Structures are given as structure tokens and as C-alpha cells.
1. What is the fewest-to-most order of B:110, B:46 by other Cβ atoms lying within 10 Å of their Cβ?
2. Starting from the exponent 0.38 and prefactor 2.2 Å, build the expected Rg for segment B:208-253 from its residue count and divide its actual Cα Rg by it.
3. State the extension gain, in nm to one decimal, for the chain segment bounded by residue B:119 and residue B:260, taking 0.36 nm per residue of separation less the distance between their alpha-carbons.
4. Take residue B:37 and residue A:169, extend 7 Å from each Cα along the Cα→Cβ direction, and tell me the distance between the two endpoints in nm.
5. Pairs A:163/B:40; A:51/A:163; A:181/B:307; A:67/B:307; B:32/B:202: which exceed 29 Å Cα-Cα?
6. Using θ = phi - 60° and the Karplus form 6.51 cos²θ - 1.76 cosθ + 1.60, what ³J(HN,Hα) does each residue of segment A:65-75 get, whole Hz, x for Gly and Pro?
7. Output wanted: per-residue J couplings in Hz (rounded whole) for segment B:136-150, from phi through Karplus 6.51 cos²θ - 1.76 cosθ + 1.60, θ = phi - 60°, x for Gly and Pro.
8. Can you tell me the Rg and Dmax of segment A:6-99, counting just the alpha carbons, in angstroms?
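Bear in mind these aren't lab numbers, they're just calculated from the coordinates by the rules spelled out. What you see is a predicted model; the values in this text were computed from it and never measured. Here the Cβ positions follow ideal geometry from the backbone for every residue, glycine too, while neighbour counts run over all protein chains shown.
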Amino acid sequence: MQRGRTILSKEHFQLTIERLCHQLIEQYDDFSNTCLVGIQPRGVFFSDRLKERLTDILGSSNFDYGKLDITFYRDDFRHREKPLKAYSNQMEFLVENKKVLLVDDVLYTGRTIQAALAGLQDYGRPESVELVALVDRRFNRHLPIHADYVGITIDALDEAYVKVEWKETDTSDRILLYPHKV
Amino acid sequence: MAEQLSTNHLLGIKDLTPQDIQLIFETADTFKEVINRPIKKVPSLRDITIANIFFENSTRTRISFELAEKRLSADVLNFSASSSSVNKGETLLDTVNNILAMKVDMVVMRHPAPGAPHYLSKRIKANVVNAGDGTHEHPTQALLDAFSMREQLGDLGGKKIAIFGDILHSRVALSNIFCLQKLGAEVTVCGPPTLIPKFIHKLGVKVSHNVRETLQWCDVANILRIQLERQDIKFFPSLREYSQHFGINKGLLDSLKKEIVIMHPGPINRGVEITSDVADSDHSIILQQVENGVAVRMAVLFLLAAKRG
């Protein structure tokens, strides 16, 4: 069992989420006509946290919040070693003419985001879409996609593996870097 | 939970594992959400071509498969035997190979001969989905029936399911028995002795000829049609007599004073195996079955496509 190196500890994790929330408020003010969309499965942990914290800071949550499953929009579902499993999709609103904040934990090749953008189209034509990523692996992109709000930027080799742990499912909030995929 | 199906074809429920069935159900749950969206279509199978080959009449199953394929963005080819070279003496394998030569990836087939899809699956590269083979199996119908029961009752382990009617000629009955048993349910078949296969108890099902007692026992009544087109001799004196003894009507249901789910795979012969007031009652989930059919077939096609790699 290889050991991962902690690249973001529990304390910094909390600060990073706090900082991202304030960055978003700077741009989106009171979040009117805005929606937050977490990408299933692991982006949702992050978007849940953002939603909770934003609601605290703003004192209300007058933005729509959805969870988007992108399994059926992937272009690589038949080319992967392990088959993909679909998760529940909870989008109770249309994104027509709204400002969308797409949320995922790790931005890596960009294929997930491409699929999410395709999936989002089924809910209307948004005014704009911006991407919030907790981790940006900036040298591993396969597509011209970038994040607008980034928690931490990591320069890692293709074979490396970044794992975001959440206190809800793992031991605590932290980000680990492994030399190889676990 | 299993992550992929253990098989490359869906020939019958008999070949599936309980994990396969659970995987299909969980995938169908997500597709049911998809088909209730404003835009009911996802691009998953956009590079797949599917041929629907029907050597026997079908409305519901063919439309349901076609919709499922279109909702997954597959290219669809429809072929029915009545308007084809089958009438000119072409063999099944030749017919299918000619279609496959045009680069078709999956075949959904209904055929009057039991085992026809099994024969085909051993000889062609495409994935084969059995949409009914004679009196043998109709796996997607059994899956959508069990999926609909699961929606009503939750986990089917230990639940009591009764299948009424023409068990002898019914591929739906056989697939249902396999499917429900794999999910841990208890199954009873009920009908006139002439329409119940002699050795069916060897499958581990109970046999009854008393409709009232069986209805009293079961949580779900799945009522099958009398398949007159498959009956070359008389199995009962008259339809009127059949409906008197084995038909299910409102008075009978009300006298039981219990919660019961009524199902029917269609087409319904109103007034024969089931009266209109039962078919249209609150107990009946017949139209939910049809809706679930599309979601379950999407799940099957999606999971088989995922195996193509």
C-alpha cells in the first residue's frame, strides 16, 4: 500500500473553502439569478460544502442548487477499464438565462467538464457557465478547459493520483497526492 | 454491487445473476429520471446502431425498444418479417448476417421459435437481446414487471407474487418465475389445469387452481392473457366459462378486503382474464409497467453497450 503525501491539511482545507466562497461572493454578489451545480458523485461533497458556507455568509440561499449526473454524457464510457456507474441526478430547475457555477472536486483531463457542459444543455441555455474546482491539475489537460475558481493548483505527472477526502465519508477533510493510481 | 453484466447478450433471465438484475434495476432508476426530464434524451449510444428484428407481431415491445434506443441516441433500424425476404425462403442466419454486414452493433429480436436468439448469439458478433422467443422467455418484460413490483413493495425478498392465466403458452410467465425467484420472492401460478405445465412445480413454484385463495395469499397479482393464437386445440370450453372461473373482477377483489397490486403485461382482453373496472382501478399499475418498460430497456441496452469496449 503506497502512502499518499498530504498536500492540503484539514486547517488549510477549511481556509480554502472559506476563500473560494468570498471570491464567489465578490463576483456574484447576492447570487440572484445564479445556480450552483455539483457534479456527481464526488463534486457533490464540495458543492454541498460551498452551499452550506455560502448560505451562512449570505444569511440566505436565494440560488438554485442541483446535482448533475454526467454518466450518460461521457464520450469514454465504453473505453474505460472499469465501467461507469450512474448516480442520481437532482436538477429541479432549468438553467435557461441563468448564471451557472459548475462545481467539481478535481479538474484533471477536462473530460468530465466537457460531459457536464453537454448535460447542462438539456436544461436550457445558460447566460454563462463558470467552473469551480477544488484541485486543478493544470498540466494534465486533454481539452481546452480551465477553471475560473481554484482551491489549489497541483503540478503532477500523468500517473499520479490526487484524492480529495471528506470528513463525511473518509477520516477528515484533506487532499492527498499518490505517486500512482491507488 | 456488480459493476457490469456477467453476460454479453440478454437471452433469458435464466442466464442472469441476481447481481445482474440489481444492476439493471439501479441503472433503470436513473433512466426513469431521464425520461421524465423536459429533454428525454442522452447521447450515450450515439455511435451504436441497433436492428429491431421482429418475426412475430408486436406493438408494445417494439415501440418500447425503439423509444429506449432513440432516447439513448442510437441509430435504429426496424425490420419485420412479414415484409421481408424471409417470405422468399431466406434462413434466419442469412437474414441477420445481411443486416450485420451493414455494420449493425446490436440486434433486438423476437422470433416464434424458442431458442432462436441463443442460436444467433453463438454465430454473430453483435449483442443479441431477446424480445420474446416463442413460448420460452421474454426477459425484458420480466425485468420491467419486477422493477414495477419493486417500486410498489421495495425489496422483493419474501414477497408473495401470483401469476394468473395461460402459464403454458406464456414466455412472460417463465421469465417472471426465474426473475422473481432470483430476487427471493415466493411465486404461485394459478389457472385451469390444462393451461399449467405438468412439471412446473419442479421450478419451485406453487400451483393453484383456486383464484380466490391465491388472491388472498398474494401481494401482487400478475394476470396474463389467454394466448388464443398459440392454442391449436381447446384448452377450456369457452371464453365465457374461463372468465367465470378464472377472470378477476371488482366484486371478487373488494370481497378480499386487502391491499393488492394488479399487473398485466398487455395486451388486455377486457372481460376475459380481467374486467375493465379492475384494469382501470387504483390497484392496477398496468400503465406504470409500460412507462417502466422504456427505462428498463434503456438500462439493458446501455449495460450491454458498455460491455462492447
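1. Values: B:110 26, B:46 11.
Starting with the residue having the fewest Cβ neighbours, the order is B:46, B:110.
2. Details: Rg = 12.1 Å, N = 46, 2.2 N^0.38 = 9.4 Å.
Output field value: 1.28.
3. Details: separation 141, 0.36 × 141 = 50.76 nm, distance 3.98 nm.
Result for the pair: 46.8 nm of gain on full extension.
4. Distance between the two pseudo-spin positions: 2.1 nm.
5. Numbers: A:163/B:40 34 Å; A:51/A:163 21 Å; A:181/B:307 23 Å; A:67/B:307 27 Å; B:32/B:202 36 Å.
The answer is A:163/B:40; B:32/B:202.
6. 10, x, 10, 10, 9, 10, 3, 7, 9, 6, 8
7. 8, 9, 9, x, 5, 5, 5, 5, 6, 5, 5, 4, 5, 5, 4
8. 15.6, 45
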